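Beneath this line is the structure, given in structure tokens, with notes to follow.
The values are calculated or read from the model by the stated rules, or taken from the named source; none is laboratory data. These numbers come from a predicted model, not from an experiment. So basically every Cβ, Gly included, is an ideal-geometry build from the backbone, and we count neighbours across all protein chains shown.
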Amino acid sequence: MDMLTHALNYASSGYSVLPIKANSKTPLIVYSNRPPLTKTEIEEYWTKYPNANIALKTTDFFVMDIDTKEAHGTDGMKSYKRLPKGAVIPTQTQRTASGGLQLFYRKPKNADIKQIIGFKPGIDIKAHENNYVLVPPSRTSKGKYEWITGLKIVEPTPLLIELISNHHPQQINAQNGTYQRSIEHKKWTGALLDKLVEGAPEGQRNDFLTRLCGQLLYTKADDRTVWELLNFANNHNQPPLGQQEVRKIMTSILKRELSKYE
């Protein structure tokens, strides 16, 4: 079965399909806030790019993304096993190219399912309507994506919904004893500093770094300082963009700023 047929099958099952550059995670089209591709559009894109990978926008579903220590430095399975008993139930699950797991859950109506990078150590919740995940038979240089259960996607348990809805990043860190203060009126500089460690998921990284670069230049900091801070922030993306892409973002914003004085 070719990639076009797979893409059409996903679309006929109600998913919003995206064409991704072959052997990569880079979209071939502008997709933010775009309605699902039609059958004609899917046929057009995969005829033009027959080897394109397939991604699904997390519009009506979300993914619990569990990393491996080998690929990402943090063992998400340890965190997964520590989740409260009964929080996670079997559902459609795939193994990613890097060896991690992604559990697919249908978004319940009237539930607060939000995107959380760092839900638990090694576990992210990918849920933003403009985010996406690659699906079989896609592959990258790290390997292939493959379904490992024959189950259909189900709704999450009320307990998992509660854990996601009540998640708050400003918590005590039990490992090193540090904590985040509760701040009601944060200053602009404080919010900017927070962004440096905030990070962004796939599908939002370019926009995130573009806005951040503009804010950093607005402070009148030296270009070298902005470059160093932009790379620091990029290291918190999931996963980080390549150096060439970061350089392209900063060059573009610098040109835009310089044009204001012409």
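What the table below lists for this structure:
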quantity: Sole exception among (1) free of Cβ contacts under 8 Å to residues at least 60 places away in the same chain; (2) surrounded by 13 or more Cβ atoms within 10 Å (Cβ to Cβ); (3) not in a helix (DSSP H, G or I) for K220, by number; calculated: (2)
quantity: Residue count, the stretch 90-122 (criterion: assigned to a strand (DSSP E or B) and modelled with pLDDT of 95 or more); calculated: 9
quantity: Residue check for N231: out of contact with any strand residue (DSSP E or B) (no Cβ under 7 Å at 6 or more places or on another chain), more than 19 Å from Y132 (Cα to Cα) and part of a helix (DSSP H, G or I); calculated: yes
quantity: Residue check, Y45 surrounded by 14 or more Cβ atoms within 10 Å (Cβ to Cβ), within 19 Å of P201 (Cα to Cα), of a type in the set (S, T, Y) and in contact (Cβ under 8 Å) with a residue 12 or more places away in the chain; calculated: no
quantity: Selection from the stretch 223-243 of residues that are hydrophobic (A, V, I, L, M, F, W, C) and either surrounded by 13 or more Cβ atoms within 10 Å (Cβ to Cβ) or modelled with pLDDT under 85 (or both); calculated: V226, W227, L229, L230, A233, L241
quantity: Subset of the stretch 22-40 (residues that are of a type in the set (S, T, Y), more than 14 Å from D207 (Cβ to Cβ) and at pLDDT below 95); calculated: S24, T26
